[in-house]
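Taking it in order: structure first as structure tokens, then the write-up.
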Amino acid sequence: MNSFKQNLKYISLVCLAVVFTQCKTKSEKATANSEQSEIQENTEALHISTSEFGKLPSGEKITKYQLTNKHGMEVAIINYGGVITNLKVPDKNGAIEDVVLGFDSLEDYLIPPPYFGAIIGRYGNRIAGGKFAIDGEEYTLAQNDGKNHLHGGNKGFDKVVWEVKPIQEKDYLALQLSYTSKDMEEGYPGNLKTIVTYTLDNTNTLKVAYEATTDKKTVVNLTQHSYFNLSGDFSKTILDHQIMINADAFLPVDSSLIPTGEFKDVAGTPFDFRSSKVIGKEINTENEQLERGLGYDHCWVLNNQNNGQQLAATAYDPESGRIMEVFTDEPGIQFYTGNFLDGTLPAKGGGTYAKRTGFCLETQHYPDSPNQKEFPSVELKPGETYKTETSFKFSTK
Ligand code: BGC
């Protein structure tokens, strides 16, 4: 009798397990189907969707604009700082994953962050001592990086609310962001009208076009500060990525990361990325410049300057097969290997961002150009239009 009862118990347990497994398979199938229909929907057409991302302490609502192309590539941008919060691109097997560092919530962008994904202005990179002069008149800027000025000051373009105009055309989607920086805002002269246009097309290219005009002589150097990790896995470092930088020289820096003025040949140095090289290969070699930057944090002097759009750099992650090519008309590119990330900032989807879990390729004029007259000029005069463009093209191999 006892053994009959035990058998009955055993049979009931087996039946329960079978029913449970079937339910689970059904629900898994349902999720797969909904994912599938999302993919099908995405491949149907280019589209823009909007959602609320959060509220500023003032109560102002911040909107997230999500641009999706016909391959399912997605870029999400918020009107706070013009920040690219997400950039989802396919890997060699078609898996679409996020390849830029950022945060899940607006609050995290409000605590002085490392400029994740933001538009940088009025001046991308450093200005020595936070001072420069135009026609003999001296201007004083915030010293927000030791004694130097960095990325536009205490409230640069990464911390302002931009006006956004979404544009939908047959072959591309765009977001036109506008912001007028008032005369003497953050210490810079002139009312600067700025328009930054992000464009996503069906060739998996994200273009960033910058335009600005002023009513007083000023200096401008705008850039985009996305941190990339092409693996799509933010718990991994970027040290295995391969980088090519189309530059025969770079700008060595002093101990506060201001260029010394020398144009140094990359040949025979860890700064030689003329042929694709693994980032981690020489990053820890004994080298004064690497010690000053705590890794790579330097501006490269791009080849083929003043020649329109040129290939400036390529990044490749062999594991996912993702490739990113950077094209620009700028003379320089700051290659920064996330040396100041220290595992304290919360990562999207959980975890934290450890040192070197992202790299930046910031196209720009050279750091401290307002004080280094032999560098290409960053002055903008009334009546002129500042115009520059950078494209990030994604593919796989
Ligand atoms: C600079 C780094 C800086 C980082 C975040 C980069 O553009 O080159 O030195 O730490 O931005 O602020």
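Screening the candidates 269, 285 for the property of being out of contact with any helix residue (DSSP H, G or I) (no Cβ under 6 Å at 6 or more places or on another chain), surrounded by 14 or more Cβ atoms within 10 Å (Cβ to Cβ) and hydroxyl-bearing (Ser, Thr, Tyr) yields one hit, 269. Among the candidates 328, 357, the residue that is surrounded by 20 or more Cβ atoms within 10 Å (Cβ to Cβ), modelled with pLDDT of 95 or more and out of contact with any strand residue (DSSP E or B) (no Cβ under 9 Å at 6 or more places or on another chain) is uniquely 357.
Regarding residue 349, is this residue buried (at least 23 other Cβ atoms within 10 Å of the Cβ) and in a loop (DSSP other than H, G, I, E, B)?
no
Is it the case that residue 142 is in contact with a helix residue (DSSP H, G or I) (Cβ under 9 Å, 6 or more places away or on another chain) and not in a loop (DSSP other than H, G, I, E, B)? Here the answer is no, as residue 142 does not meet what is asked.
Entry remark, the stretch 332-346: residues being in a strand (DSSP E or B) and either within 10 Å of the ligand (Cβ to nearest atom) or modelled with pLDDT under 95 (or both) number 3 in total.
No other residue among 231, 178 is among the small types (Gly, Ala, Ser) and part of a loop (DSSP other than H, G, I, E, B) apart from 231.
Checking the stretch 387-396 against the condition returns a match, with at least one residue being over 21 Å from residue 225 (Cβ atoms), at pLDDT 95 or above and out of contact with any helix residue (DSSP H, G or I) (no Cβ under 7 Å at 6 or more places or on another chain). Does the stretch 168-178 contain at least one residue that is within 16 Å of the ligand (Cβ to nearest atom), polar (S, T, N, Q) and in the same structural domain as residue 101 (by TED's automatic domain parsing)? Among the residues of the stretch 168-178, not one is within 16 Å of the ligand (Cβ to nearest atom), polar (S, T, N, Q) and in the same structural domain as residue 101 (by TED's automatic domain parsing), which makes the answer no.
The values are calculated or read from the model by the stated rules, or taken from the named source; none is laboratory data. Just so it is clear, the structure is predicted and the values come from calculations on it, not from any experiment. Heads up, the Cβs are rebuilt from the backbone with ideal geometry, glycines too, and the neighbour counts pull from every protein chain shown.
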